[in-house]
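> Handing you a structure now.
The values are calculated or read from the model by the stated rules, or taken from the named source; none is laboratory data. Nothing here was measured: the structure is a model prediction, and the numbers come from that model. Please note: Cβ atoms are built from the backbone with ideal geometry, for glycine as well, and neighbour counts cover all protein chains shown.
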C-alpha cells in the first residue's frame, strides 16, 4: 500500500464526472446488479444513476453538501431535496452498456432549481428527467438559494431547455 501515491482525487480525477460547457457528464457502466430478470436495467436504477450525477454536479460546482447539512458558517443546516420529477423511459439499457448522465440547469429560481438530465448511450437519449430541487432547512422550511449556491449553478443554466 505504501506504493500508492497521491489522494483519491489525483488518482481518479474524473470519478465525479466532468463539466463540459454548461453540462455535467457522469459516465456509468451498467452492471449485472443494475438489471432485472429480463436483462434490462431496472427502472429504479435510472433514478440512482441520476442521483449520483446530481450529487457529483453539486460537488464539482464547488458546493459542499456536507457543509450545508452541518450548518457551517452560522447558517441553519440545510439539504437539497427532490420536490418533483418527471421521467420518460425512451429505450432500454443492458448489462455492460456504457452510459452518460448529462445534467444541466433548466431553471434557477429563488428557492428551486429545475434540472434536465438525459441518460445517453452513444448519441441516443434513452431516458430524460426533469427534476425540481429545493433547498430545505433542518426545520423543514424551504430556503432561498443564497448567493454562493446561485453563483455555483448559474454556469449550468441551459437557455435552450
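> Exactly one condition in (1) at pLDDT 90 or above; (2) over 19 Å from residue 90 (Cβ atoms); (3) surrounded by 15 or more Cβ atoms within 10 Å (Cβ to Cβ) is not met by residue 142; state its number.
(3)
> Sticking with this structure for a sec: Quick test for you: out of 86, 56, pick the one residue that is within 21 Å of residue 130 (Cα to Cα) and assigned to a helix (DSSP H, G or I).
Just one listed residue meets the conditions, 56.
> Continuing with the same structure: Among 75, 63, which is in contact with a helix residue (DSSP H, G or I) (Cβ under 9 Å, 6 or more places away or on another chain), at pLDDT below 95 and under 20 Å from residue 114 (Cβ atoms)?
One residue alone meets the criteria, 63.
> On the basis of being under 29 Å from residue 115 (Cβ atoms), modelled with pLDDT of 95 or more and either in a helix (DSSP H, G or I) or touching a helix residue (DSSP H, G or I) at 6+ places or on another chain (Cβ under 8 Å) (or both), does residue 15 make the cut?
So residue 15 fails the test.
> Looking at the stretch 101-121, which of its residues are under 22 Å from residue 35 (Cα atoms) and either touching a helix residue (DSSP H, G or I) at 6+ places or on another chain (Cβ under 9 Å) or without any contact (Cβ under 8 Å) to a residue 12 or more places away in the chain (or both)?
Listed by number, the residues that qualify are 101, 102, 117, 119.
> Something else about it: Looking at the stretch 141-161, which of its residues are in a loop (DSSP other than H, G, I, E, B) and within 26 Å of residue 87 (Cβ to Cβ)?
Selection gives 145, 155, 156, 158, 159, 160, 161.
> Conditions: (1) within 18 Å of residue 118 (Cα to Cα); (2) surrounded by fewer than 16 Cβ atoms within 10 Å (Cβ to Cβ); (3) in contact (Cβ under 8 Å) with a residue 12 or more places away in the chain. Residue 95 meets all but one. Number of the miss?
Single failed check for residue 95: (1).
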